[in-house]
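Here the structure comes first, spelled out in structure tokens, and everything after it is commentary.
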Amino acid sequence: QVQLVESGGGLVQAGGSLRLSCAASGRILSISVMGWYRQAPGKQRELVATVTSGGSTNYADSVKGRFTISRDNAENTAYLQMNSLKPEDTAAYYCSALQLSRLYWGQGTQVTVSS
């Protein structure tokens, strides 16, 4: 079992920045991909960004150039640096971790961007 704990969400004005953290614990060997997803009220959960254990990254078009995902393998932590935030970025953000064929989720952290 892998446990994921997110932190760093909050309320920010449009144009501001936030940094989300996701700490993994438990049986953390062989976590190949860590990622961030988000879900706004009334909408489906969507991919924001992923990072592999080797550092390869992938981003949703809507956040490219504004968000940066990173990963500290020694600390078993993934980060999401969010700059130039927009009201449409408002959502619950969820951390994920792929271990072999199983996908784990954190409990989510709320990000609210005011206009």
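When the stretch 22-68 is filtered for residues that are of a type in the set (S, T, Y) and more than 20 Å from L100 (Cβ to Cβ), the ones remaining, listed by number, are T57, Y59, S62, T68. Considering the stretch 21-53, the residues that are open to solvent by 40 Å² or more (accessible area, probe 1.4 Å) and among the basic types (K, R) include one that is nearest to C95 (Cα to Cα), namely R45. When the strands (runs of 3 or more DSSP E) confined to the stretch 1-97 are screened for residues that are at pLDDT below 95 and in contact with a Phe, Trp or Tyr (Cβ under 6 Å, 6 or more places away or on another chain), those reaching at least 1 such residues are found at 2-7. On the stretch given as the stretch 61-90, residues that are farther than 13 Å from V111 by Cβ, under 12 Å from the mean Cα position of the chain (by Cα) and open to solvent by less than 60 Å² (accessible area, probe 1.4 Å) total 6.
Of all residues in the stretch 99-115, those that are open to solvent by less than 90 Å² (accessible area, probe 1.4 Å) have Cβ atoms under 7 Å from Cβ atoms of residues that are outside any loop (DSSP other than H, G, I, E, B) and among the acidic types (D, E), 6 or more apart or on another chain, in G106/E6; G108/E6; T109/E6; V111/D89; V113/D89. Are any of the residues in the stretch 66-73 of a type in the set (D, E, K, R), under 15 Å from L18 (Cα atoms) and out of contact with any Asp or Glu (no Cβ under 8 Å at 6 or more places or on another chain)? Within the stretch 66-73, one or more residues are of a type in the set (D, E, K, R), under 15 Å from L18 (Cα atoms) and out of contact with any Asp or Glu (no Cβ under 8 Å at 6 or more places or on another chain). If you filter the stretch 4-20 down to residues that are open to solvent by less than 30 Å² (accessible area, probe 1.4 Å) and within 21 Å of Y104 (Cα to Cα), you find that the one that is nearest to the chain's Cα centre (by Cα) is L20.
Residues in the stretch 28-65 that are farther than 23 Å from S84 by Cα and of a type in the set (K, R): there are none.
The values are calculated or read from the model by the stated rules, or taken from the named source; none is laboratory data. The structure displayed is predicted, hence computed values, not measured ones. Cβ sites come from the backbone with ideal geometry, for glycine too, and all protein chains shown count toward neighbours. Note: areas computed on protein heavy atoms with side chains; ligands, DNA, RNA excluded. Shrake-Rupley method; radii C 1.70, N 1.55, O 1.52, S 1.80 Å.
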